Amino acid sequence: MTDTRPRIVVTRWIPEQAMDVLRDVGDVWAPDPDRALPAEELHRVLAGADAAVVTLSERVDAAFADAAGARLKIVANVAVGYDNADVPALLDRGIVFTNTPGVLTDATADLAFGLLLAVTRRLGEGERLLRSRTPWSFHLGFMLGTGLQGKTLGIVGLGQIGRAMARRALAFGMDIVYTGRRRAPVDVEESLRARYLPHDELLRTADVVSLHCPLTPQTRHLIDADALAAMKPSAFLINTTRGPVVDEAALARALRDGVIAGAGLDVFEREPEVHPGLLELDNVALAPHLGSATVETRTAMAVLAARNVAAVLRGGEPLTPVKE
Ligand code: DGY
């Protein structure tokens with residue numbers, strides 16, 4: 001008897017709920033224990049796959065598709081960002097590519113706002129002080145931070161996560177300006193009381209610049225030394241999108257030299273490395289790419305990816321295809 005069940009390769013650990021969805025439609029291969037597979041090994045296990053579930057750590061390109069071979073029908077990215085994928089190379093071969101929009105919006109905006117509070121209220125610095133057992137006592141001038149009420153948040157990219165960030169900032173009494181490739185619909189601008197500004201003017205105006213644009217050739221190093229110099233010396237930069245949107249070496253210099261006041265970073269140019277200059281500074285709050293890292297959100301992301309695979313393997317339409 002020939003085995004006709006589809007072969008599904010899962011490149012990293014995903015929650016059981018998502019594995020159950022996949023097991024319903026095929027035979028699932030996943031690394032045990034969970035580990036990052038070197039490209040050569042990944043390409044070996046991909047051979048003959050009908051579907052692949054990947055994370056942003058895997059490069060999905062022509063070599064990936066060729067390694068899988070002619071049966072590959074879908075690659076499901078467990079992430080909303082897909083700069084790890086050469087989407088045209090897949091679409092040219094008739095392979096469906098999907099991402100996970102919508103389900104990680106709140107978790108990522110929560111983390112972005114958390115980093116904003118952490119850096120403006122010096123939470124990391126305070127914790128380091130206590131853990132180092134440095135003597136301290138309460139006094140009125142001790143470890144003063146920056147309040148947010150009445151300050152202006154500048155959002156770069158008013159997509160779903162940018163809008164969720166704006167809603168949080170409104171609740172903290174901030175004013176909202178935004179920039180991006182195009183204007184948001186009027187009802188969105190009105191509900192967020194958000195004012196569109198050209199990129200340069202936003203940099204000059206905002207007390208906090210928060211990045212929510214995808215990484216593309218156009219946004220790589222969007223925040224470089226010139227952009228940082230255009231910001232107010234009292235301003236903060238928050239990055240929860242992709243590290244290479246910021247020139248990390250330029251940022252480390254700007255933070256050291258007081259060109260801007262501080263930064264909150266969840267993503268880095270060469271993850272998992274962090275620019276050594278950043279590690280030495282107190283005016284930066286750092287997190288290891290935790291934007292979507294809640295049990296609920298990661299489960300929702302993986303289940304959405306698995307449902308995309310199931311839909312395509314059953315001959316149906318994917319739920320969240322990338323069509324670029
Ligand atoms: C994404 O989805 O793009 C995040 O960076 C990882 O959750």
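Work from the charge dipole of the chain (Cβ charges, +1 for Lys and Arg, -1 for Asp and Glu, about the Cα centre) and give the residue of VAL28, LEU72, VAL309 farthest towards its positive end. Sorting the options by dipole projection puts first VAL309.
Cross-link reach is defined here as a Cα-Cα straight distance under 24 Å, omitting same-chain residues fewer than 8 places apart; for LYS323 the lysines meeting it are LYS73.
Pair-distance distribution P(r) for the chain, from all Cα-Cα distances in 20 Å bins starting at 0: 30, 51, 18, 1 percent.
Residues ARG12, ARG44, ranked from the fewest to the most other C-beta atoms within 10 Å, line up as ARG44, ARG12. With a cut-off of 12 Å between beta carbons, the residues surrounding VAL28 carry a summed charge of -3, where Lys and Arg count +1 and Asp and Glu -1. Computed from point charges on the beta carbon alone (+1 for Lys and Arg, -1 for Asp and Glu), the dipole magnitude for the range 105-286 about its Cα centre is near 300 Debye. Residue order for HIS43, HIS139, HIS275, fewest other beta carbons within 10 angstrom first, comes to HIS139, HIS43, HIS275. Reported value for the range 128-201: 142 Å³ per residue, from the convex hull of its C-alpha atoms. The spread of Cα positions in the range 195-250, taken along each principal axis and listed from longest to shortest, comes to 26, 25, 17 Å. Divided by 2.2 N^0.38 Å, where N counts the residues, the Cα radius of gyration of the range 105-286 comes to 1.01.
Considering only the chain, what is the antiparallel percent among its DSSP beta bridges, to the nearest 5? Percentage antiparallel, nearest 5: 5.
For the chain, the relative contact order comes to 20 percent (Cα pairs under 8 Å, sequence separation of at least 6).
Summing charges over neighbours of ASP86, with a neighbour being any other residue whose Cβ is under 14 Å away from its Cβ, gives -4 when K and R count +1 and D and E count -1. For the range 28-45, 3J(HN,Hα) computed residue by residue from phi via the Karplus equation (6.51, -1.76, 1.60; θ = phi - 60°) reads 9, 10, 9, x, 9, x, 4, 7, 6, 7, x, 3, 4, 5, 4, 5, 5, 6 Hz, glycine and proline entered as x. Starting from the Cα gyration tensor of the range 7-159, take the square roots of the eigenvalues, sort them a ≥ b ≥ c, and report rounded, prolate or oblate (rounded when a/c is under 1.5, otherwise prolate if a/b is larger than b/c, else oblate). Prolate, since a/c reaches 1.5 and a/b exceeds b/c. Does the range 115-161 come out rounded, prolate or oblate, given a ≥ b ≥ c as the square roots of the eigenvalues of its C-alpha gyration tensor, rounded meaning a/c under 1.5 and, failing that, prolate meaning a/b above b/c? Oblate.
How much FRET efficiency would the formula 1/(1 + (r/R0)^6) give for LEU140 and GLU201, where r is the Cβ-Cβ distance and R0 is 56 Å, rounded to 0.05? Once the sixth-power term is evaluated, E becomes 0.95.
Listing SER132, SER292 from fewest to most neighbouring C-beta atoms within 10 Å gives SER132, SER292.
We did not get these values from a lab; they are worked out from the coordinates using the rules stated. On a predicted model such as this, the values are computed, not experimentally measured, just so you know. Cβ: placed from backbone, ideal geometry, glycine included. Neighbour counts: every protein chain shown.
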